[in-house]
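Colleague: Following this message is one structure expressed as structure tokens.
The numbers here are math on the coordinates, done by the rules we state, and not lab data. This structure is a prediction, so every number in the text was calculated from the model and none was measured. We place every Cβ from the backbone using ideal geometry, glycine too, and count neighbours over all the protein chains shown.
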Amino acid sequence: MKNNIKAFLDLVKERNGDEPEFLQAVEEVAETVIPYIVKHDIYYGKNILLRMVEPERVITFRVCWVDDDGEIQVNRGYRIQMNSAIGPYKGGLRFHPTVNMSILKFLAFEQVFKNSLTTLPMGGGKGGSDFDPKGKSDNEIMRFCHAFMGELFRHIGPNTDVPAGDIGVGSREIGFLFGMYKKLRNEFTGVLTGKGMSWGGSLIRPEATGYGNVYFAQKMLETKNDSFDGKAVVISGSGNVAQYAAEKVLQLGGKVLTLSDSSGYIYDEEGIDEEKLAFVMNLKNVKRGRISEYLESYPNATFVKGKTPWGVKCDIALPCATQNELNEDDANTLVKNGCICVSEGANMPSTKEAITVFHKAKILFAPGKASNAGGVATSGLEMTQNSLRFKWTREEVDTKLKDIMSDIHKSCLEFGEDEDGYVDYVRGANIAGFVKVADAMLAQGVV
Ligand code: NDP
Ligand code: 2IT
């Protein structure tokens, strides 16, 4: 078995040697899925995983725009159309200076498995740009988004590829992107998700990733007859996912101790309650400020510059910022401090070594492709509503989201339960996600 996995990974490394994040994501999948393929004749010998690691199409393009000083700026735009076996490509756009081929291919690869897990008919894709939205005026953001869509529109469509938000792309950016798509195509379609409520958006989509992550963690806790009630929760990030994860934790009776951004974390021993969270939402979404400014209003809290929050003692940890933000030392610290559950809101926030620590300690650990799938699942529900030209209520969408997270949890149990009863959610999610896509690819032949 080890030889099979090694031979496969050597080949992938040979072809993609300069893409560390992509290789990390592939390695995690290969280690759990290859043993399953080897035991199942219908998948064995078909090079099915080798086909899955090769994007169906990679698009890169120039994005030129004029900043407020009249200077011409040049950025790089991307769309990775990874796999369309079970539906149109679907996945977010990330605007961040670290965006490159490796980051987007890892995200697109994860998205294929995640979207398969949602139970909805969506293929996987991801895109974005190395554009840095920080410090840009609204007009600069608009000009960039319009320029970006000036090329992307050729490659997407409601039945082809449906982008959405990710880091640096929220409702403001989706609005500008949608406006330019509509102008260029002269049609009003559900080509993007995360739209505003008066122009085709779905209720609960803004909340869905954070809420979904907490619903998934709730399912994991239930397997131990436990709940969020009274639990100390450490959260990283302070963007879309972190904010709504915090909101749901509070609704379920948990205490939120931390939030962070790329400059450091805030620790509020008294708990970040509803009022303080509303302050953070305004600070981040309207004023576009830094998390350290929390202390100006709540001086009893502390700000720890340049650090992640994993050293704060907690029962539950929700990493909701970015990839590889929680390493082996952090994992050891969490376990030592009595943490019983880690549920990933971000994509691949835990390193491979950190996951090994969680598994060895036999604590509850959910990989992002399972636990953060509520965002894209609700994007799928937005697509459905757009096709129906109809709008479901908040309660209807929330109920569907809860059911989907519960179904994903069940799929993880089906493929991830060890003989001693411990659930390896990584194996469970990878195999469950793989089976549906592989079956579709086999049925469609070598294309
Ligand atoms: P936002 O842009 O709204 O927020 C991102 C947050 O993460 C900010 O607090 C940001 O801090 C912090 N962050 C970003 N990069 C870094 C970094 N390199 N180091 C430390 N902190 C960083 O993005 P989202 O909340 O939407 O996304 C967060 C994570 O969740 C990502 O991994 C994304 O892929 C994943 N995700 C998002 C979904 C969605 O629906 N939005 C769905 C599923 C997963 P700062 O402001 O300083 O940059
Ligand atoms: O990583 C993700 O799942 C997202 N950024 C959301 C994608 C989507 O299409 O809603």
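Colleague: Which GluC sites (Glu not before Pro) in region 2-105 pass both tests, a DSSP loop state and at most 11 other beta-carbon atoms within 10 Å? Mind dumping the intermediate values first?
Modeller: Details: sites: GLU14, GLU21, GLU27, GLU28, GLU31, GLU56, GLU71; in loops: GLU56, GLU71.
Qualifying residues, ordered by number: GLU71.
Colleague: Residues with beta-carbon under 11 Å from that of SER292, excluding SER292: net charge, scoring Lys, Arg +1 and Asp, Glu -1?
Modeller: Combined, the nearby Lys, Arg, Asp and Glu give -1.
Colleague: With the Cα gyration tensor of region 180-277 in hand, convert its eigenvalues to equivalent ellipsoid semi-axes via √(5λ) and list them largest first in whole Å.
Modeller: Numbers: eigenvalues 212, 60, 22 Å².
Largest first, region 180-277 gives 33, 17, 11 Å.
Colleague: Now for a separate question. If the cut-off is a Cα-Cα distance under 14 Å, which aspartates and glutamates reach LYS195, setting aside same-chain residues fewer than 8 apart in sequence?
Modeller: ASP166, GLU173, GLU207, GLU382
Colleague: Would you list the P(r) distribution for the chain, with all Cα-Cα distances sorted into 20 Å bins from 0 and each bin expressed as a whole %?
Modeller: All Cα pairs, binned at 20 Å, distribute as 26, 60, 14, 0 percent.
Colleague: Further question on the same structure: Where in the chain are the helices, taken as whole DSSP H runs, whose Cα atoms extend 15 angstrom or more along the long axis and whose Kyte-Doolittle mean reaches at least -0.5? If you can, show how the numbers build up before the last one.
Modeller: Numbers: long enough: 2-16 (20 Å, -0.85); 20-39 (29 Å, 0.47); 101-117 (24 Å, 0.72); 138-152 (21 Å, -0.01); 171-185 (21 Å, -0.24); 205-222 (26 Å, -0.66); 240-251 (17 Å, -0.13); 374-388 (21 Å, 0.05); 394-416 (32 Å, -0.66); 425-444 (29 Å, 0.68).
Those that clear 15 Å and a mean of -0.5 are 20-39, 101-117, 138-152, 171-185, 240-251, 374-388, 425-444.
Colleague: Okay, next question. Given a cut-off of 23 Å, name the pairs among LYS6/LYS352; LYS90/LYS391; LYS248/LYS276; LYS90/LYS436; LYS287/LYS402 whose C-alpha atoms lie farther apart than that in the structure shown.
Modeller: LYS287/LYS402
Colleague: Ok, one more. Semi-axes of the equivalent ellipsoid for region 77-197, please: Cα gyration tensor eigenvalues, times 5, square-rooted, ordered largest first, whole Å.
Modeller: Taking √(5λ) for each eigenvalue gives 22, 17, 12 Å, largest first.
Colleague: Suppose a student asked you for the relative contact order of the chain, using Cα pairs under 8 Å spaced at least 6 residues apart; what percent would you report?
Modeller: Numbers: 916 pairs, mean separation 67.6, N = 447.
Contact order relative to length: 15 percent.
Colleague: Ok, one more. Expressed as a rounded percentage, what relative contact order does region 233-391 have, with Cα pairs under 8 Å and six or more residues apart?
Modeller: Once divided by the residue count of region 233-391, the mean separation gives 20 percent.
Colleague: If you don't mind, there's one more thing I want to ask. Sequence gap at least 6, Cα distance under 8 Å: using those rules, report the relative contact order of region 381-447 to the nearest whole percent.
Modeller: Working: 36 pairs, mean separation 12.6, N = 67.
The value is 19 percent.
Colleague: Would you please calculate the Kirkwood hydrodynamic radius of region 131-191 over all C-alpha pairs and express it in Å, rounded to one decimal?
Modeller: One over the average 1/r among Cα pairs gives 11.9 Å for region 131-191.
Colleague: When the Kirkwood radius is taken over all Cα pairs of region 287-360, what Stokes-Einstein diffusion coefficient follows at 10 °C and 1.306 mPa s, in µm²/s?
Modeller: 119
Colleague: For region 393-436, take N as its residue count and report Rg(C-alpha) divided by 2.2 N^0.38 Å.
Modeller: Numbers: Rg = 12.7 Å, N = 44, 2.2 N^0.38 = 9.3 Å.
Rounded to two decimals, the normalised Rg is 1.37.
Colleague: If you average the alpha carbon positions of region 1-26 and of region 391-413, how far apart do those two centres end up, in angstrom?
Modeller: If we compute the Cα centre of each part, the gap is 34 Å.
Colleague: Would you compute the Debye intensity of region 1-110 from its alpha-carbon atoms alone, equal scatterers and no solvent, and pass along log10 I(q)/I(0) at q = 0.13, 0.21, 0.22 Å⁻¹ to two decimals?
Modeller: -0.58, -1.18, -1.25
Colleague: Rank the residues CYS320, CYS339, CYS64 as a footprinting-exposure proxy: fewest other Cβ atoms within 10 Å of their Cβ go first. Walk me through the numbers before you get to the answer.
Modeller: Working: CYS320 30, CYS339 23, CYS64 12.
Final ranking by Cβ density, sparse to dense: CYS64, CYS339, CYS320.
Colleague: Would you mind checking which residues have amide H under 5 Å from SER238's amide H? H placed 1.01 Å from N; only 5 or more apart, or other chain.
Modeller: Answer set, sorted by chain and number: SER260.
Colleague: A follow-up question, please. Would you please calculate the Kirkwood hydrodynamic radius of region 189-237 over all C-alpha pairs and express it in Å, rounded to one decimal?
Modeller: Details: mean 1/r = 0.0758 Å⁻¹.
For region 189-237, the Kirkwood estimate is 13.2 Å.
Colleague: I've got another one for you. To the nearest Å, what is the center-to-center distance of region 194-241 and region 109-151, using C-alpha atoms only?
Modeller: 21
Colleague: Here is a follow-up. Only bridges whose two residues both fall in the chain count here: according to DSSP, what percent of them are antiparallel, nearest 5?
Modeller: 55
Colleague: Please report Rg (one decimal) and Dmax (integer) in Å for the Cα set of region 193-339.
Modeller: 15.1, 49
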